[in-house]
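Beneath this line is the structure, given in structure tokens, with notes to follow.
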Amino acid sequence: MSFDADSATVHTPQLRKRGLPLFDDEPLTIPALFLHAVNNLSRPDAFCYKRDGEWRQISSAEALERISNIAAGLYSLGLRKGDKAAILAANSPDWTFADAGCQFAGIVDVPIYTTLSENSVEYILKDAGPKVFFLENRATYERIRAAIGECKTIEHLIFFGLEKPDEENAISLADLENFGKKTRSVEPKLLDGLTRQIKSDEVATLIYTSGTTGEPKGVMLSHTNIISNAIDAGSTYDFSGRDKCLSVLPLSHIFERTGMYLYILNGMSIYYAESIDKVPDNLQEVRPTLFIGVPRIFEKVYARARLKAAQSSRIRERVFDWAIEIAKTYALKLETEEPIPNALTIEHSLADRLVYRKLRLFFGGNLKFCITGGAALSDDIWLIFTGAGIPIMQGYGLTETSPVISSNNPGSSKLGTVGKPIRNVSVRVAADGEIEVSGPGVMLGYYNKPEATREAFDHAWFRTGDIGEIDEDGFLKITDRKKELFKTSGGKYIAPSPIEQMIKASRFVNQVVLIGNERKFPAALIVPNFEVLESYAKLKGLDLKSTADFCDSPKIIDLIERQIASHTEALSQFEKVKKIALLENEMTVEGGELTPTLKVRRKIVDEKYHDLIDKMYR
């Protein structure tokens, strides 16, 4: 591992120094967390998954037994402390146990997004150099077979499913666990010896950033980084063993993974969603008390609810729109702690029976609150859900900070902000507006990239690359990414994200990317909400059938332009969108326009739609 320790100093305090009773006699490590959960918070339904139409349970004790066997199995395959193992699979108990097994054996795991292209997977494998590769199934292997062949360090392929390719080095996870069980019977003290070697300040995982600009970088996170962040981020929430959660975001994302450790730390019952398509069904079945999701999920839930109302009847659409305005007004009163007029209370109660209750039932009807991060949540979405009785706590962080830097919480929140810095994390704003962070969650550095590590730090302060400000009450507000600010040919600087959020408030807009660097004026690429447009076309008697018809229609283009104008009235003249182009297809991770965390890769968008963008400026 190569990094500049002087410019990436990380403190590694023990938990007992934080005034917490956990692990008083143990170092701050991931194995210690699992052992604590089994010894103090054991439950029969610790990890739950669905198979053959039924939810099945894995107890804390059974989970620890499997984890121990995986750790010993890896040791029997010849892996030793500091070796690496990659994981590419969808969320499941197997994913969590493989991760924990690596940690118990002192092996650095390298999670890989399932949506990455073969070239991206190859880059990560060759850069990290894992000896073992955990894969979900044979289909996954076939998709990236060439990439695996290019990585000469891989000695063993381990498949979560029983079906595996006819390769000499391919075994199932069950085989690995059997190897480990036999090894432990011969060496009963092996596991204890392995875990005792692990130090809290050593690298636990290597997570590759999405790479919105340039090639991905491997972020080295220690046990202290991750566990301290889970504890500090959760310190202002009232979590307990009575809570149930549904794991939806990919575990290859540090947000969900730290969330997983937080669930385990508090003895929650964890349910793994079957797939992203099955999330609505799983929410109804599990009825979680806690839900962690990216803003895009809440945007889609709202858009789907409104579309359903619009398709039912004109009256229901009007009732829905009325209820949404009541929710926003009600939430604003709560936010500003103003007295709520009796008339508004009555209207809110009626809207609850007609609309809000159904919205809550989508999430199972048992939620205490939701937590979101990874991208900006629009004020409108926050107001709508909060007013409907689904409080959303927005936070902020990066892979490099394990990830949480700041967070709103049930006892302290503020509209338009990402909350106050969490405990033990310090935040400052540099002279150029860049947010800088210091604390136990800040990474050790970038793997094999000493120069990039040096550039990322100002002594002990990590440069986030985000522009923001801290208000008079100590709440942090993010205004844009430093590298995403662009300058028009007239010399005006524009922050695209806030403008994109304004435009996305239109129910006719699905996705938007602002264009304008070194151009005369801002323009926008728009992916319309075609389902909403279909209803609009029927209402107006427009004969439009395909997505191409909609994108070419002057009346639809005029509609979107008027929507943008109405939603961006408050902007300065130089910030206003002057031209638009409608796109037939949604921007996706698979298409390369989005990162696995759904951030826009602006460079890729510029390249992919170069001709269309040029046409807007002719």
J(HN,Hα) series, region 394-403, from Karplus relation 6.51 cos²θ - 1.76 cosθ + 1.60, nearest Hz, glycine and proline x: 8, x, 8, x, 9, 3, 5, 10, 6, x
Identify, among Ala98, Ala71, Ile264, the residue whose Cα sits farthest towards the positive end of the charge dipole of the chain, taking +1 on the Cβ of Lys and Arg and -1 on the Cβ of Asp and Glu, with the dipole about the Cα centre. Ile264
Run a plain Debye calculation on region 485-617 (Cα atoms as equal point scatterers, no solvent) and give log10 I(q)/I(0) at q = 0.09, 0.17, 0.20 Å⁻¹, rounded to two decimals, same order as the q list. -0.25, -0.92, -1.24
What percentages make up the Cα-Cα pair-distance distribution of region 69-128 when the bins are 10 Å wide from 0? 23, 48, 28, 1
Lys/Arg Cβ at +1, Asp/Glu Cβ at -1, dipole of region 115-195 taken about the Cα centre: which of Tyr141, Phe160, Ser185 is farthest positive-ward? Ser185
Computed P(r) (all Cα pairs; region 158-201; 10 Å bins; percent): 25, 34, 30, 12
Under the Karplus relation with 6.51, -1.76 and 1.60 and θ = phi - 60°, whole-Hz ³J(HN,Hα) for region 200-210, x at Gly and Pro, equal 5, 8, 8, 5, 9, 8, 10, 10, 8, 5, 5
Please list, by residue number, everything in region 559-594 whose backbone N is under 15 Å from a paramagnetic label point 7 Å out along Cα→Cβ of Arg143. 588-592
Run the quick spin-label model on Glu150 and Asn342: label points 7 Å from Cα toward the beta carbon, then report their separation in nm to one decimal. 7.2 nm
Could you work out how far the C-alpha centroid of region 248-290 sits from that of region 145-165, in angstrom? 27 Å
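Please report, in debye to the nearest 20, how large the charge dipole of region 485-617 is about its Cα centre when each Lys and Arg carries +1 at its beta carbon and each Asp and Glu carries -1 there. Before the final figure, lay out each step's value.
Working: 20 positive and 19 negative charges, 101 e Å.
Dipole size: approximately 480 debye.
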Taking the square root of 5 times each eigenvalue of the Cα gyration tensor, what semi-axes in Å does the equivalent ellipsoid of region 389-491 have, largest first? 24, 20, 12
For the chain, the fraction of alpha-carbon pairs in successive 10 Å shells from zero, as %: 3, 15, 26, 27, 18, 9, 2, 0
Unsatisfied cross-links (Cα-Cα over 19 Å) in the set Lys328/Lys578; Lys300/Lys555; Lys84/Lys152; Lys126/Lys608; Lys308/Lys358; Lys504/Lys599: Lys328/Lys578; Lys300/Lys555; Lys126/Lys608
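First measure r as the distance between the Cβ atoms of Leu539 and Asp45, then evaluate 1/(1 + (r/R0)^6) with R0 = 60 Å and state the FRET efficiency to the nearest 0.05. Intermediate values should be presented prior to the final figure.
Details: r = 49 Å, r/R0 = 0.81.
With R0 = 60 Å, the Cβ-Cβ based efficiency is 0.80.
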Here is the link list: Lys540/Lys579; Lys217/Lys576; Lys81/Lys477. Which ones come out longer than 31 Å on Cα distance? Lys217/Lys576; Lys81/Lys477
Could you size up the charge dipole of the chain around its Cα centre, putting +1 on the beta carbon of Lys and Arg and -1 on that of Asp and Glu, and report it in debye to the nearest 20? 980 debye
Only bridges with both residues in region 485-617 count here: give the DSSP antiparallel percent, nearest 5. 70 percent
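For region 271-369, what is the convex hull volume of its Cα atoms per residue in Å³?
Values: hull volume 11.1 nm³, N = 99.
Given the Cα convex hull of region 271-369, per-residue volume reads 112 Å³.
Find out how many positive minus negative residues lie around Phe97, taking Lys and Arg as positive, Asp and Glu as negative, among other residues whose Cβ is under 11 Å from that of Phe97.
Working: positive: Arg66; negative: Glu62, Glu65, Asp94, Asp99, Glu177.
With Lys, Arg at +1 and Asp, Glu at -1, the net is -4.
Quick note: the coordinates plus some simple rules give every number you see, no bench work behind them. No experiment lies behind these values; they were computed from the predicted model shown. All Cβ positions, glycine included, derive from the backbone under ideal geometry; neighbour counts span all protein chains shown.
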